[in-house]
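Engineer: If you scroll down you'll find the structure; I have some questions about it.
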Amino acid sequence: MKNYSRICPDCRELISYVSEPVCMCCGKELPREEEDEAFCRDCRGRERSFKYGYALINYDKLMTRSMSAVKNRHRREYLDFYGEELFEKLGDRIGHMAPDIFVPVPIHRSRLRIRGYNQAEELSKILSAKTGIPTASDILIRRKKTAALKNLGEGERRKSLNGAFDTLRKLEKGERVCIVDDIYTTGSTVEACAKELLAAGASEVFFICVCIGCGRK
């Protein structure tokens, strides 16, 4: 059996891993002219429902193709590598979050039928196997099928995601939750999920994701 959780050194060299300094809220690389700031332009002066989060890789052209292959060409095996890397490089930070559960961002049932899997859930299960923190896929549900968010501005994303998520059950009192997703761009999806989780009883919400937009040039 092929081990897709390892890639050759030449391919690894092409990956633009997120590096410090980063935003203390969303974990996005700070532009060089803003390296002395604590928060990025997106998070500065804005209240977030999630406490903070981390990302692994800058969402560049290479990762756009890779994530598209995962979603549209059934390259599910790529997630083995990204899940392993999330643990290897961000495992300590997940430990500091001390979440009680991982909650993957759900996809709409129509997309699940076509794709056959939820990429966020696959990543979450890998993290669960590595950390012993359970994945709870029975809390959040995506009731509304939204248009592709990559083509929308931030305001349009928020409008599109209004009412998109719901919770199926209450959380245990004081539970700390780490949302797992594949891509973070403006934070609209994580924000919408975090709001629902807090309303369902979460004490604090964090997130972890593979890719994040807008790294340093």
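Engineer: Mind checking which residues of segment 103-122 are among the small types (G, A, S) and surrounded by fewer than 20 Cβ atoms within 10 Å (Cβ to Cβ)?
Structural biologist: Listed by number, the residues that qualify are S110, G116.
Engineer: Taking only segment 17-51 into account, find how many residues are in contact with a helix residue (DSSP H, G or I) (Cβ under 8 Å, 6 or more places away or on another chain) and of a type in the set (S, T, Y).
Structural biologist: 2
Engineer: So which of R75, R111 ends up being out of contact with any Lys or Arg (no Cβ under 7 Å at 6 or more places or on another chain) and closer than 30 Å to K170 by Cα?
Structural biologist: R111
Every residue, every condition in (1) basic (K, R); (2) in contact (Cβ under 8 Å) with a residue 12 or more places away in the chain; (3) loosely packed, with under 13 Cβ neighbours inside 10 Å, yes or no:
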position: E35; (1), (2), (3): no, yes, yes
position: G45; (1), (2), (3): no, no, yes
position: Y52; (1), (2), (3): no, yes, no
position: L79; (1), (2), (3): no, yes, no
position: D92; (1), (2), (3): no, no, yes
position: M97; (1), (2), (3): no, yes, no
position: I101; (1), (2), (3): no, yes, no
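Engineer: Now for a different question. For segment 89-104, what are the residues that are farther than 12 Å from I208 by Cβ and assigned to a loop (DSSP other than H, G, I, E, B)?
Structural biologist: Matches in segment 89-104: A98, D100.
Engineer: OK, next. Within the set of pairs 6 or more residues apart or between chains, which connect a residue that is closer than 14 Å to I179 by Cα inside segment 110-128 to a residue that is among the polar types (S, T, N, Q) and part of a loop (DSSP other than H, G, I, E, B) with Cβ atoms less than 6 Å apart?
Structural biologist: Close Cβ pairs (under 6 Å, with a partner that is among the polar types (S, T, N, Q) and part of a loop (DSSP other than H, G, I, E, B)) amount to E121/S137.
Engineer: Also: Please verify whether E121 is at pLDDT below 95 and either in a helix (DSSP H, G or I) or not acidic (D, E) (or both), treating the condition exactly as stated.
Structural biologist: Taking the combined requirement at face value, the residue does not satisfy it.
Engineer: Let me ask something else. Restricting to segment 19-33, name every residue that is within 23 Å of P99 (Cβ to Cβ) and surrounded by fewer than 16 Cβ atoms within 10 Å (Cβ to Cβ).
Structural biologist: Of segment 19-33, the ones within 23 Å of P99 (Cβ to Cβ) are 20, 22-28.
Once the filter is applied, which keeps residues that are within 23 Å of P99 (Cβ to Cβ) and surrounded by fewer than 16 Cβ atoms within 10 Å (Cβ to Cβ), segment 19-33 yields E20, M24.
Engineer: Just a yes or no: is a residue in segment 50-62 assigned to a loop (DSSP other than H, G, I, E, B) and in contact with a Ser or Thr (Cβ under 6 Å, 6 or more places away or on another chain)?
Structural biologist: The answer is yes, given that some residue of segment 50-62 is assigned to a loop (DSSP other than H, G, I, E, B) and in contact with a Ser or Thr (Cβ under 6 Å, 6 or more places away or on another chain).
Every residue, every condition in (1) in contact (Cβ under 8 Å) with a residue 24 or more places away in the chain; (2) assigned to a loop (DSSP other than H, G, I, E, B); (3) under 26 Å from I133 (Cβ atoms), yes or no:
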{"site": "M24", "(1), (2), (3)": "yes, yes, yes"}
{"site": "A38", "(1), (2), (3)": "no, yes, no"}
{"site": "F87", "(1), (2), (3)": "yes, no, yes"}
{"site": "P106", "(1), (2), (3)": "yes, yes, yes"}
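Engineer: Report, by residue number, each residue of segment 132-154 that is within 25 Å of I94 (Cα to Cα), in a loop (DSSP other than H, G, I, E, B) and either polar (S, T, N, Q) or modelled with pLDDT under 90 (or both).
Structural biologist: Listed by number, the list holds a single entry, S137.
The values are calculated or read from the model by the stated rules, or taken from the named source; none is laboratory data. The model shown is predicted, which means the values in this text are computed figures rather than measured ones. Neighbour counts are summed over all protein chains in view; Cβ atoms, including those assigned to glycine, are modelled from backbone coordinates with ideal geometry.
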